[in-house]
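Working notes, structure below.
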Amino acid sequence: MEAMEEDGLGIGDDHNHNYRAAGGTVQLSEASAVPRQGAPPRRGGTPRAGGMDSDTGSESSEVSETDGAAPPAASEGKPSLDSSSKFLLNAMAIEDYRKNHWPNLEKAIDRLLIQSPTDHISVSYAQIYSYVYKCVCQQHSELLYSDLTSKITSHLQQVSTQLQAIPPENFIENFNVALTQYTDSLQCIVPVFMYLNKFYIESKLNRDLKDDLMKLFADHVAEKHVNTLMPLLIRAHSMPFQVQPSTMASVVKGLYSLRPEWAQQAPALFSGFIPQINPPAEESLLSDYAAHDQKLQMELSMNGFPRGDQSRKRASDDS
């Protein structure tokens with residue numbers, strides 16, 4: 001016993017728990033070779049006193065690694081309660097959108113699309129605004145945008161079908177009515193869908209709601225009838241006041257706003273209503289411009305539009 005205590009006094013412990021004596025390495029007994037509690041098992045260690053060899057150490061470490069890896073595998077295969085509840089809540093929100101929000105919005109859109117300037121339709125803009133706000137907050141922006149564009153596309157296809165039955169002599173006036181009615185309805189639709197425009201169309205699609213809806217009119221109405229409309233406009237422009245000037249101006253400006261490239265089909269027509277369609281004036285062509293103006297004045301005079309009382313005109317310096 002005293003010998004053991006004397007031997008123990010000569011043993012040192014460094015930071016790596018390597019026990020050394022003053023004269024060299026000390027072999028510990030079997031009881032001393034037991035690993036500390038909580039220490040990780042050594043893989044393929046060197047033989048120790050007491051008969052524990054490298055195979056035994058390897059086997060124990062493999063068992064511990066297998067046991068430690070089992071719980072994550074089980075947890076990966078187990079369905080998450082949070083994901084299931086989120087899916088259920090999302091399904092309930094979509095069902096609420098289909099049953100409550102969109103039907104009310106659809107009725108309001110129908111009323112706004114078919115109204116005329118002389119009609120008074122009772123529509124609660126505050127209620128529509130509230131429905132749109134709730135849909136955006138519930139993350140139904142993409143669904144709402146799809147339903148809105150589909151609804152307006154269906155309406156424009158009906159308008160295009162109705163224009164096909166219009167006779168040529170009334171086609172310009174009826175096209176102007178369709179275009180004016182649609183642009184007036186957008187002045188009501190776009191503001192109440194402001195939240196959809198701001199938080200989805202502008203931020204995610206990098207577009208504007210009014211531009212998208214006007215493009216729908218160009219694709220489904222104007223483009224399908226432009227080949228019929230353009231010759232009628234050119235003919236009406238060559239015969240002054242066959243069509244009301246305000247109607248002509250509205251249709252020509254409307255076509256130019258939808259597709260500026262259409263002005264190249266009839267530059268003379270569009271230049272009468274849209275500035276800077278023709279190339280800049282040249283000094284060498286001033287005489288041609290004056291002759292064109294005189295011809296126009298003579299045509300107006302021959303069609304019953306006199307130049308008026310010329311007696312009050314200031315006399316020239318030569319007289």
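The values are calculated or read from the model by the stated rules, or taken from the named source; none is laboratory data. From a predicted model like this one, the values you see are computed outputs, not experimental measurements. Using ideal geometry, Cβ is built from the backbone for each residue, glycine included, and neighbour counts are taken over all protein chains shown. Remember, those area values only see protein heavy atoms, side chains included, never the ligands or the DNA or RNA. Shrake-Rupley method; radii C 1.70, N 1.55, O 1.52, S 1.80 Å.
What to note about this one:
- Taken over segment 120-163, the criterion of being part of a helix (DSSP H, G or I) and aliphatic (A, V, I, L, M) is satisfied by 126, 128, 132, 136, 143, 144, 148, 152, 156, 159, 163.
- Scan segment 130-185 for residues that are among the basic types (Lys, Arg) and more than 16 Å from residue 110 (Cα to Cα) and the total you get is 1.
- Residue match in segment 166-186 (condition: free of Cβ contacts under 8 Å to residues at least 40 places away in the same chain, out of contact with any helix residue (DSSP H, G or I) (no Cβ under 6 Å at 6 or more places or on another chain), closer than 19 Å to residue 113 by Cβ and exposed (fewer than 14 other Cβ atoms within 10 Å of the Cβ)): no
- Given (1) surrounded by 13 or more Cβ atoms within 10 Å (Cβ to Cβ); (2) in contact (Cβ under 8 Å) with a residue 24 or more places away in the chain, index of the condition residue 268 fails: (1)
- Residue 166 meets all of the listed conditions (1) modelled with pLDDT of 95 or more; (2) farther than 20 Å from residue 226 by Cβ; (3) outside any helix (DSSP H, G or I) but one, namely (2).
- Boolean, residue 203 is open to solvent by 60 Å² or more (accessible area, probe 1.4 Å), over 23 Å from the mean Cα position of the chain (by Cα) and without any contact (Cβ under 8 Å) to a residue 60 or more places away in the chain: no
- For segment 187-198, taking the residues that are surrounded by 15 or more Cβ atoms within 10 Å (Cβ to Cβ), part of a helix (DSSP H, G or I) and in contact (Cβ under 8 Å) with a residue 40 or more places away in the chain, the one that is farthest from the chain's Cα centre (by Cα) is identified as 188.
- Sub-6 Å Cβ pairs linking a first residue in segment 278-305 that is closer than 19 Å to residue 241 by Cβ to a second residue that is exposed (fewer than 10 other Cβ atoms within 10 Å of the Cβ) and modelled with pLDDT of 80 or more, at least 6 apart or interchain, number zero.
- Set 281, 291: member being modelled with pLDDT of 90 or more, over 38 Å from the mean Cα position of the chain (by Cα) and loosely packed, with under 13 Cβ neighbours inside 10 Å: 291
- Evaluation of residue 237 against the conditions (1) in contact with a Leu (Cβ under 6 Å, 6 or more places away or on another chain); (2) open to solvent by 50 Å² or more (accessible area, probe 1.4 Å); (3) within 30 Å of residue 134 (Cα to Cα) shows that the sole unmet condition is (3).
- Of all residue pairs spaced 6 or more apart or on separate chains, those with beta-carbon atoms under 6 Å, a first member in segment 137-162 that is of a type in the set (S, T, N, Q) and a second member that is open to solvent by 50 Å² or more (accessible area, probe 1.4 Å) and assigned to a helix (DSSP H, G or I) are 160/224.
- Every condition in (1) modelled with pLDDT under 85; (2) part of a helix (DSSP H, G or I); (3) among the polar types (S, T, N, Q) holds for residue 311 except the one numbered (2).
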